[in-house]
Amino acid sequence: MNYQLPIREYLSQHGFPTFCPKAVLFDMDGVLFDSMPLHAKSWAKVCTDFGLEMTPEEAYMNEGRTAKSTIDLLMQRQYGRDATDEEVTRIYAEKCKLFNGEAEAPKMAGAQQVLENVREHGLQILVVTGSGQKSLLTRLETNYPGFFHPDRVVSSKDVQYGKPNPEPYLKGLAKAGVHPWEALVVENAPLGVRAGVAADIFTIAVNTGPLRESALLQEGANLLFPSMQALADNFSKIIEAAKIF
Ligand code: CA
């Protein structure tokens, strides 16, 4: 694959003269951890308990939204209104209880190697997630020791809007101290890809779930890989291709 072509397209779409990656902004669920099957399962269960409905495919399609935005979507469909703050708190607490009651999600295959590649090339590593789990940093440090720093994590606590709004990725750029053309986003979810593209960042989709490739490509992904391992195998080639810009 010639990576100069998608880079050229990215530059012309966003009107940037150069492309010089200095930081990689990683989404967490479905990218660093194989946690989406558990999320989908706990959403389905909590929805049934509260008289709402969410299929596993919807869980993947809406992945990345804040809890409030997700719950409002379901409440609007079922009852024609937004959820109250109290409902959001109750439903999300129950969802987290179910999720945390499951065995911890394993590391995503190939993710460790991607992180090692990123570090070898001297790029910063950030996490930009819609998750608000209290244990988030501990989990990152336990599974990927030495790769992550508290100052380089954007979580639900840092943002008002959440994905698909570009806000989380814009905060990530600010934390890294880089411009959009100096970063890469790695995302598995359509709304996450939309957020990365809206933040004017070169966005790499990894299709680690059951979605069709078109669900990610139509949101504007600049590159698509079928797995994190495939990204690991090609990461150096992308960085080499960037050098001519
Ligand atoms: Ca994700």
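The values are calculated or read from the model by the stated rules, or taken from the named source; none is laboratory data. Just so we're clear, the structure is a prediction, and the values are computed from it rather than from any experiment. Every residue, glycine among them, receives a Cβ derived from its backbone with ideal geometry; neighbour counts consider all protein chains shown. Quick note on the areas: whole protein, heavy atoms, side chains included, nothing else; ligands and nucleic acids left out. Shrake-Rupley method; radii C 1.70, N 1.55, O 1.52, S 1.80 Å.
A few points about this structure:
- Being of a type outside the set (Lys, Arg), within 16 Å of the ligand (Cβ to nearest atom) and in a helix (DSSP H, G or I) holds for only one residue in SER69, SER131, and it is SER69.
- When the criteria are applied in full, LEU115 fails the requirement of being open to solvent by 70 Å² or more (accessible area, probe 1.4 Å) and assigned to a helix (DSSP H, G or I).
To keep it simple, each residue is scored yes or no on (1) in a helix (DSSP H, G or I); (2) out of contact with any Phe, Trp or Tyr (no Cβ under 7 Å at 6 or more places or on another chain).
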site	(1), (2)
LEU25	no, no
LYS41	yes, yes
LEU73	yes, yes
ALA83	no, yes
ASN100	yes, yes
GLU104	no, yes
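- Test: residue in the range 69-92 that is touching a residue at least 40 places away in the same chain (Cβ under 8 Å) and under 19 Å from the mean Cα position of the chain (by Cα): yes
- Pairs, first in contact (Cβ under 8 Å) with a residue 12 or more places away in the chain in the range 156-184, second assigned to a helix (DSSP H, G or I) and open to solvent by 70 Å² or more (accessible area, probe 1.4 Å), C-beta under 6 Å, six or more apart: ASP158/LYS171; PRO164/ARG194; LYS175/ARG152
- Check on VAL193, in a helix (DSSP H, G or I), under 27 Å from LYS95 (Cα atoms) and modelled with pLDDT of 95 or more: yes
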